[in-house]
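Here the structure comes first, spelled out in C-alpha cells, and everything after it is commentary.
Quick note: the coordinates plus some simple rules give every number you see, no bench work behind them. Quick caveat: nothing in here was measured; it's all calculated off a predicted structure. With ideal geometry, Cβ positions are generated from the backbone for all residues, glycine too; neighbour counts draw on all protein chains shown.
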Amino acid sequence: MTSQQDPPQTPSQKHTENCMVCGLELHYLDRPTSNTCIYCNKTEEGYFVCPDGHYVCDPCHSAGALEIIERACTASTSINPMELALAIMRHPRIPMHGSEHHGMIAAVLVTAHKNITGEGTEDDIKEAIRRGSQIPAGYCGLFGTDAAAIATGIALAVILKATPLSDLERSRSITMTSRALAAISNNRGPRCCKRSTMTVIEVATEYFREVLGVEFGHVPAARLKCEHSHRNKVCAKEDCRYYPG
Ligand SMILES: [Zn+2]
Ligand SMILES: [Zn+2]
C-alpha cells in the first residue's frame with residue numbers, strides 16, 4: 001500500500017522516503033513509544049511510527065546501505081568527499097533520509113583524507129562508519145544537535161586518533177562539529193539528510209584545509225545541485241541553496 005504521491009515501486013525496492021515497509025508517511029513524535037521491529041523482533045523505544053504500525057529499528061533500516069558505504073569508501077581512490085557522497089547517495093539502497101547518512105559522511109571524509117595523504121587505513125573507514133551509525137535517526141529534531149555535523153567531528157576524531165584524554169585533537173574534532181552545526185542551524189525548513197550532507201561536507205572541506213592543510217577536491221557551488229528533491233515531500237525548495245529549481 002502506498003500513498004497517492006508515491007512513485008510506483010517494485011516489491012524488492014526499499015521504500016526510501018517513508019515507512020520502508022508500506023511507504024506511508026512516518027509520524028514523528030516528541031515522546032517515544034515502545035515498538036517492536038518487524039524484521040529483528042527487537043523491542044525498543046522510538047520517536048517515529050508508521051500509521052499502519054510498522055516499526056523498523058536503525059540497524060535493520062540501514063542494513064545493506066552500510067555495506068554499500070563501506071564497499072564504496074574502502075575501494076575509492078577519490079580525494080573529493082562531496083563527489084563520493086553524491087555517488088553513494090545515488091545508490092538505490094540509500095534512503096532519502098536516515099541514519100545511514102551519519103556513517104557515510106564520516107566515512108567519505110576519512111576516505112578522502114586517507115587518499116590524499118596516504119595516512120590512515122581501511123579500519124579507520126570502518127571505524128568512522130561504526131561511530132557514525134551509532135547516532136540515531138531523528139537526532140536533529142530531538143537533541144538540539146545534528147548528526148551530520150557530529151559525523152564531521154567523528155571523521156576528524158578518527159583521523160587525529162582523539163580520545164577523551166586528548167587535548168588539541170579533541171578540541172579540533174569538537175570545533176569541526178561546531179562549525180558544521182552552525183552552518184546546518186542556518187538551513188530553513190524541515191530536516192533533509194541530503195542538504196545536511198552537502199552542507200557539512202562543504203564546511204569540512206574548509207576546516208580540513210585550515211587545520212590539517214589538506215586540499216580536498218570539491219564540487220563547484222554552481223554545479224552542486226540536489227538530485228533528490230523530487231523524492232522529498234518536505235523539500236524546502238527555494239529556501240534550499242541546493243534546490244535545482
Ligand atoms: Zn508502514
Ligand atoms: Zn530490527
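Note on the range 104-245: the C-alpha convex hull projects to 8.7 nm² when averaged across all orientations. Evaluated with a Cβ-only charge set (Lys, Arg +1; Asp, Glu -1), the chain carries a dipole of roughly 360 debye about its Cα centre, given to the nearest 20. Classification of the range 15-169 by its C-alpha gyration tensor yields a prolate form. The axis ratio a/c (a ≥ b ≥ c) is 1.5 or more, and a/b outweighs b/c. Computed packing ranks the peptides 139-146, 42-49, 104-111 as 104-111, 139-146, 42-49, most packed first, by mean other Cβ atoms within 10 Å. Relative contact order of the chain, taken over Cα pairs closer than 8 Å and 6 or more residues apart, is 15 percent. Listed by chain and number, the lysines whose C-alpha is less than 28 Å from the C-alpha of LYS237, apart from same-chain residues fewer than 8 away, are LYS14, LYS194, LYS225. Of all aspartates and glutamates in the structure, the ones whose alpha carbon falls short of 13 Å from that of LYS126, not counting any fewer than 8 places away in one chain, are GLU67, GLU70. Descending by average beta-carbon neighbour count within 10 Å, the peptides 221-227, 81-87 line up as 81-87, 221-227, the highest first.
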